[in-house]
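Have a look at the structure below before the remarks.
Every number in this text was worked out from the coordinates using simple rules, so none of it is lab data. The structure displayed is predicted, hence computed values, not measured ones. Here Cβ is always computed from backbone atoms with ideal geometry, including for glycine, and neighbour counts include all displayed protein chains.
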Amino acid sequence: MRYIMKYPRKQPIHFNARPVPKILPLAFLFVAFNTGFAGELKVDQSKPNLVKFVSKGPMGMFEGVTDKIDGFVSWTGDSTLVDGKLFFEVDLSSLDTRIALRNRHMREKHLETDKYPHAQYSGRLVNVEETGPNELLVAADGMMKIHGVERDLMMEAKVTVDGDVYHLQCNFDVKLSDFEIKTPKFMFLKVDENIKLVLDFYLRTAEDDESMLKR
């Protein structure tokens, strides 16, 4: 049986401290997103996508990185994007800390990637704000799933628009115990259970491909 942890709603995790209005001017959204009445953005696998976790310990910091991220943002109706659906998935078995033994311990003993190979975030867009030329601040309300445990998470991200390519950047903290992950120990040294996640990846408009919503 799947174990789901429910937490009280928290304040949004801010990429910056700017307030987010409920909706962008309709004219801007027609230009910036070229949505018409329905549309989809999907992760562009040809770009230098990056997912990174940063962990601190008594001997300093170490990172785990991967470019194995996939997902989409999809919307129907008018072009405000608010209430658009989103889904992103990261292959945890591909995380690389640059030390083979540490990789094996992390995957086998802590993340248990044989049983829980992916980290997932699904939800909906709740706010979109134009913050500069070709720049947006977007907010999403959804669910983060790691290690078979789900937790409510509201987050914000900076999006830079270049034609039909959308560069998304955000970062937030994850507490390992919230997802029933044992705090790692390497060489008998215990690292901090608070991990910073950094997402830096690209989406493009999906035109000819079959909608990922049908998967």
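Taking every alpha carbon pair in region 26-207, what does the distance histogram look like in 5 angstrom bins from 0, in percent?
Percent of pairs per bin, in order: 1, 8, 15, 21, 17, 13, 10, 7, 4, 2, 1, 0.
Please compute the net charge surrounding VAL161, taking Lys and Arg as +1 and Asp and Glu as -1 over other residues with Cβ under 12 Å from its Cβ.
-2
So how do TYR116, TYR166 line up by other beta-carbon neighbours within 10 Å, fewest first?
Working: TYR116 18, TYR166 23.
Ordered by Cβ neighbours within 10 Å, fewest first: TYR116, TYR166.
Please name which of PRO133, PRO48, GLY163 has its Cα lying farthest along the dipole of region 26-207 towards the positive end, using unit charges on Cβ (Lys, Arg +1; Asp, Glu -1) and the Cα centre as origin.
Of PRO133, PRO48, GLY163, it is PRO48.
In straight Cα distance, which aspartates and glutamates are under 13 Å from LYS68, not counting same-chain residues fewer than 8 positions off?
Partners within reach: ASP44, GLU89, ASP91, ASP96, ASP200.
So for MET106, MET154, fewest C-beta neighbours within 10 Å to most, what's the order?
Fewest-to-most Cβ neighbours within 10 Å comes out as MET154, MET106.
Net charge within 14 Å of GLU193 by Cβ-Cβ distance, Lys/Arg positive one each and Asp/Glu negative one each, not counting GLU193 itself?
Here the charged neighbours net out to +2.
Could you pull out the pairs from LYS47/LYS182; LYS85/LYS175; LYS115/LYS175; LYS158/LYS185; LYS115/LYS158; LYS56/LYS85 whose alpha carbons sit more than 28 Å apart here?
Numbers: LYS47/LYS182 33 Å; LYS85/LYS175 26 Å; LYS115/LYS175 20 Å; LYS158/LYS185 34 Å; LYS115/LYS158 32 Å; LYS56/LYS85 34 Å.
Violating the 28 Å limit, Cα to Cα: LYS47/LYS182; LYS158/LYS185; LYS115/LYS158; LYS56/LYS85.
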